[in-house]
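The values are calculated or read from the model by the stated rules, or taken from the named source; none is laboratory data. All of these numbers come straight from a predicted model, not from anything done at the bench. Please note: Cβ atoms are built from the backbone with ideal geometry, for glycine as well, and neighbour counts cover all protein chains shown.
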Amino acid sequence: MLQKRNASIPGDFVLFISGVPGVGKTTLSYELLKNYNAFRIIEETDLIREVLRGYNDYLLEEHDEFRVHKSSLPCITDHTHLLSFQEAKEQCRIMTKSFERIVSRQKRKHIPTIINGVHVVPEVLAEIAIDNIAFIDLYVSTEEALFIRLKGREPNSYMLKHIPFIFQTNLELLSSTKKMEHLYPKKFKVIDVSSASISEAIQEIQAFIQLECL
């Protein structure tokens, strides 16, 4: 049974939700919002990446030393670029300070927050897993499950042509987060959404949140 809409949550609680496109990060984030209405959601992590790309462009235009040594700038991929697991790790590493600042602000203002995105890699962000910060990785166990989810979300999506590639990233992210879950079971959780209903997935997430907030 789901908790009531006004279920309490610590004011400084931050939940990161990771997973490849199509696993339901946004859907489940907004379902959580219905049950914990104190939550705020930050899902546009692509915006962080675009801001960083814009700053790189500014440096190239305004500073000669960066035009000469472009390789000294971090490589921020375009938001339409499908990420391998290693690329996702690198993007997350570059964005870590931005994530840290967001977390610090939300905790300081006592705004319980959900942060989700394909650039969230729990392993990379493990050092900020302090009090009332937790990580969930949503994954699928088969390529077929991923295809069904992506096709249902956007029937003509270009991603449908890259299911094996996306699924492989999904498996590597799962393996990485499972290792963290084994070490820190109250901080990291993997959830198989292949055949789970929204209600079932939310119940599993709620049980994990309660464990972290005890």
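Scanning region 8-32 for residues that are touching a strand residue (DSSP E or B) at 6+ places or on another chain (Cβ under 6 Å), farther than 22 Å from Leu160 by Cα and modelled with pLDDT of 90 or more gives Val14, Leu15, Phe16, Ile17, Ser29. Only one residue in Glu144, Glu100, Glu127 is at pLDDT 95 or above, surrounded by fewer than 21 Cβ atoms within 10 Å (Cβ to Cβ) and out of contact with any strand residue (DSSP E or B) (no Cβ under 8 Å at 6 or more places or on another chain). Which one? Unique residue meeting the criteria: Glu144. Can you say whether Lys179 is without any contact (Cβ under 8 Å) to a residue 60 or more places away in the chain, within 26 Å of Lys34 (Cα to Cα) and not aliphatic (A, V, I, L, M), as far as the supplied structure shows? No; evaluated as a whole, the condition is false for this residue.
Restricting Ile163, Ile115 to those that are of a type in the set (Val, Ile, Thr) and over 22 Å from Ile198 (Cα atoms) reduces the list to Ile163.
I need the full set of residues from region 174-202 which are over 20 Å from Asn132 (Cβ atoms) and among the hydroxyl-bearing types (Ser, Thr, Tyr), in order please. Scanning region 174-202 gives Ser175, Ser176, Ser194, Ser195, Ser197, Ser199. Do you know which of the residues in region 131-158 that are aliphatic (A, V, I, L, M) and touching a Lys or Arg at 6+ places or on another chain (Cβ under 9 Å) is farthest from Ala196 (Cα to Cα)? Step by step, filter region 131-158, then rank; the result is Ile133.
Considered as a group, the residues in region 147-183 that are of a type in the set (Asp, Glu) and surrounded by 15 or more Cβ atoms within 10 Å (Cβ to Cβ) include one that is farthest from Pro21 (Cα to Cα), and that residue is Glu181.
Any idea which of Arg93, Arg67 is more than 30 Å from Ala196 (Cβ to Cβ) and modelled with pLDDT of 60 or more?
Working: Arg67 fails: modelled with pLDDT of 60 or more.
Of the residues listed, the single one that is more than 30 Å from Ala196 (Cβ to Cβ) and modelled with pLDDT of 60 or more is Arg93.
For every residue, the table says whether it meets (1) of a type in the set (A, V, I, L, M, F, W, C); (2) at pLDDT below 95.
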residue	(1), (2)
Lys107	no, yes
Ile133	yes, yes
Asp137	no, no
Glu154	no, yes
Val190	yes, no
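Among the conditions (1) of a type in the set (Asp, Glu); (2) under 17 Å from the mean Cα position of the chain (by Cα); (3) under 26 Å from Glu127 (Cβ atoms), the only one that Asp192 does not satisfy is (3).
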